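Below: the structure, in structure tokens.
The values are calculated or read from the model by the stated rules, or taken from the named source; none is laboratory data. Note that the structure is a prediction, hence the values are computed from the model and not measured. All Cβ positions, glycine included, derive from the backbone under ideal geometry; neighbour counts span all protein chains shown. Side chains are part of the model used for accessible areas, which takes the heavy atoms of the whole protein and leaves out ligands, DNA and RNA. Shrake-Rupley method; radii C 1.70, N 1.55, O 1.52, S 1.80 Å.
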Amino acid sequence: MNRRRFLLTALGSLTVSSIFASCSQQSTQNSTNTQTISQKEQKEVIKVGVTGILSQDILKFVNNNIAAKEGLEIQVVTFNDWIQPNTALRDKVIDANFFQHRPFMNNASKELNLNLVALNTVYLNTLGLFSNKLKSVSEIPQNATVTIANDVINNDRGLRLLATNGLIKLKENAKQFVTQRDIAANPKNLKIKEVEGVQVVRAINDVDFIVSSAQTVALAGIEPNSMGEETAKDKKYALALVTLQGRENEPKIQKLNKLLVHPNVKDFINKEYKGRIIPVF
């Protein structure tokens, strides 16, 4: 009888212990789930506009690797032109954009009547001289034809790169954005053809050389070996995080601004793009 009572008592204790353990485990799991949900709810969401895959890839790297520690979630919004990312700021569709350098931003501010603010500059999408026929600047013949972009900023940038490589000379009193009218000397009598930016790389087989970004050339399947290119000292053309004046000190914008110049981002750019784009921080 005592033995039977002992077994019943032991079984009862085991059952109670199991129930208690199960409840405790479920409680812990519920607590963990609640904590995870709470952490997700605490993340600040920032919407950032881009126009190309470079900025998009960098933002994705930041979001997937370092943003969570700062309680930030980056949502990338893509646009297919260079106007909408700024008008989207005006309309509060996005919080910031990451596609333009300061000269472009200053010009856009005037044209769109917006007060834009550039924060940290992150990378330079280097412009270079590329050819399928020539190997060096010294090989460029008399009367050679070169294709450059026709928009105000990249036209200026392209002409200045030609000047840096000794192919043309610009007037000393040239205005902020130079054009072919500002060429003071053209010793090789270069024929400079201006086309829409997206058309430049397509012309590489029809001309002696082109002025294009190294990354665009690489994406076109062309080996990006430049005869002469910009360097990190050309920082004014580096892409920056941009927002509306008055919003630059918002915590989520400042968080992203700081994360974009994190050492891990520099390592990612150097490893992923191998000099085609250059970190400038």
Being hydrophobic (A, V, I, L, M, F, W, C), crowded, with 20+ Cβ neighbours inside 10 Å, within 23 Å of the chain's Cα centre (by Cα) and over 30 Å from Leu72 (Cα atoms) is the requirement here; does Val265 meet it? no
State all residues of segment 74-130 that are within 27 Å of Leu161 (Cα to Cα) and among the hydroxyl-bearing types (Ser, Thr, Tyr); if no residue qualifies, say none. Ser109, Thr121, Tyr123, Thr126
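Of the residues that make up segment 215-229, is at least one closer than 22 Å to Asn106 by Cβ and surrounded by 19 or more Cβ atoms within 10 Å (Cβ to Cβ)? Write out each step before concluding.
Step one: list which residues in segment 215-229 are closer than 22 Å to Asn106 by Cβ, which gives none.
No, the conditions are met nowhere in segment 215-229.
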Looking at the structure I just gave you, is Val178 within 30 Å of Asn113 (Cβ to Cβ) and either part of a helix (DSSP H, G or I) or touching a residue at least 12 places away in the same chain (Cβ under 8 Å) (or both)? yes
Restricting to segment 183-203, name every residue that is within 23 Å of Thr126 (Cβ to Cβ) and either open to solvent by less than 30 Å² (accessible area, probe 1.4 Å) or of a type in the set (S, T, N, Q) (or both). Leu190, Ile192, Gln199, Val200, Val201, Ala203
Condition check for Ala232: within 18 Å of the chain's Cα centre (by Cα), small (Gly, Ala, Ser) and at pLDDT below 95: yes
Segment 105-133, subset under 30 Å from Asn225 (Cβ atoms) and open to solvent by 40 Å² or more (accessible area, probe 1.4 Å), residue nearest to the chain's Cα centre (by Cα): Asn132
Matching residues, segment 234-247, being open to solvent by 40 Å² or more (accessible area, probe 1.4 Å) and within 16 Å of Val122 (Cβ to Cβ): Asp234, Lys235, Lys236
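Scan segment 79-92 for residues that are open to solvent by less than 80 Å² (accessible area, probe 1.4 Å) and among the β-branched types (Val, Ile, Thr) and report the count.
Going through segment 79-92 one residue at a time, the tally reaches 1.
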(1) within 23 Å of Phe104 (Cα to Cα); (2) surrounded by 13 or more Cβ atoms within 10 Å (Cβ to Cβ) all hold for Glu272 apart from (1)
What are the residues in segment 51-78 that are touching a strand residue (DSSP E or B) at 6+ places or on another chain (Cβ under 7 Å), over 27 Å from Lys274 (Cβ atoms) and open to solvent by 30 Å² or more (accessible area, probe 1.4 Å), if any? Glu73, Gln75, Val77
